[in-house]
Amino acid sequence: MIQAAIFDMDGLLVDSEPFWQDAQIAIFGELGMNVTREDTIATTGIRIDQIVRHYYNTRGWEDPSCDDVCERITLKVIELVSEHKPMMPGVMHALNLCKQANLRIALASSSPMRLIQATLDALDLSSWFEQCHSAEHLKYGKPHPEVYLNAAESLGIDPQRCVAFEDSFAGLMAAKSAQMKAIVVPEAHVAGQERWVISDVKLTALNELTIDHLIK
């Protein structure tokens, strides 16, 4: 029996992935690097410090520090989310269904906690989540399952009794590695890829979610 629903944030609750892409292209461009839209799409769901460190190790720059680059990118995303408030379609439908099914609700994101808080506040969603977890300071971000395992533990619920909602493949791998049921809502341009077969349910939007998807 499923007892809890654990949601990813970026690309699932909020249409922030384009903001992450724009911020990376702009900030890395200031450092003299040609990071393309395709490059940013390939790292969707990966923690920003891991992305920055990857580019530092493979392309390098003198200044600023990796921490400063992460800070610049994160602040730009916070600014854009707070300004545009781009909630994804079906979010309220999904949250209300989870509540109707008497599921505990938590959040497990790769984003820094201050971005999580700023996003939930901007979208007026904070009250829906009993627990919010960031992979920001964990040894490993998604696709490692730790942030999902931490969310389940904070609810006092076995991971196998949790359903995870994801949009990225890295997040989907994290949820499945945590032994959770996984519902994925991939972006349209990658939705046809065969790799999503490891999910338990694949939707084109959260509006398609049903009670049966949650509890069966």
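Kindly establish whether Ile105 is touching a Cys at 6+ places or on another chain (Cβ under 8 Å), modelled with pLDDT of 95 or more and either more than 25 Å from Ile215 (Cα to Cα) or not hydrophobic (A, V, I, L, M, F, W, C) (or both). When the stated conditions are applied, Ile105 does not pass them.
Tallying residues that are more than 30 Å from Asn96 (Cα to Cα), in a loop (DSSP other than H, G, I, E, B) and among the β-branched types (Val, Ile, Thr) within the range 3-54 yields 3. A count restricted to the range 53-101 and to residues that are farther than 25 Å from Ala122 by Cβ and acidic (Asp, Glu) stands at 2. Here Leu80 meets the list (1) open to solvent by less than 30 Å² (accessible area, probe 1.4 Å); (2) within 15 Å of the chain's Cα centre (by Cα) almost entirely, failing just condition (2).
Report whether or not Gly171 is crowded, with 24+ Cβ neighbours inside 10 Å, of a type outside the set (A, V, I, L, M, F, W, C) and either without any contact (Cβ under 8 Å) to a residue 12 or more places away in the chain or out of contact with any strand residue (DSSP E or B) (no Cβ under 7 Å at 6 or more places or on another chain) (or both).
For Gly171, the condition - crowded, with 24+ Cβ neighbours inside 10 Å, of a type outside the set (A, V, I, L, M, F, W, C) and either without any contact (Cβ under 8 Å) to a residue 12 or more places away in the chain or out of contact with any strand residue (DSSP E or B) (no Cβ under 7 Å at 6 or more places or on another chain) (or both) - is met.
In the range 52-80, the residues that are more than 15 Å from Thr40 (Cβ to Cβ) reach residues that are in a helix (DSSP H, G or I) and among the charged types (D, E, K, R) with C-beta atoms within less than 6 angstrom, at least six apart or across chains, in these pairs: Cys66/Arg53. For the range 110-142, a tally of residues being open to solvent by 50 Å² or more (accessible area, probe 1.4 Å) and touching a residue at least 40 places away in the same chain (Cβ under 8 Å) returns 2.
Restricting the range 83-101 to residues that are part of a helix (DSSP H, G or I) and modelled with pLDDT under 95, the residue that is most open to solvent (accessible area, probe 1.4 Å) is Glu83. Restricting Asp22, Asp67 to those that are among the acidic types (Asp, Glu) and crowded, with 16+ Cβ neighbours inside 10 Å reduces the list to Asp22.
The values are calculated or read from the model by the stated rules, or taken from the named source; none is laboratory data. Values in this document were obtained by computation on a predicted structure and should not be read as measured data. When we count neighbours, we look across all protein chains shown, and the Cβ atoms used for this are built from the backbone with ideal geometry, even at glycine. These accessible areas exclude ligands, DNA and RNA; they are computed on the full protein's heavy atoms, side chains included. Shrake-Rupley method; radii C 1.70, N 1.55, O 1.52, S 1.80 Å.
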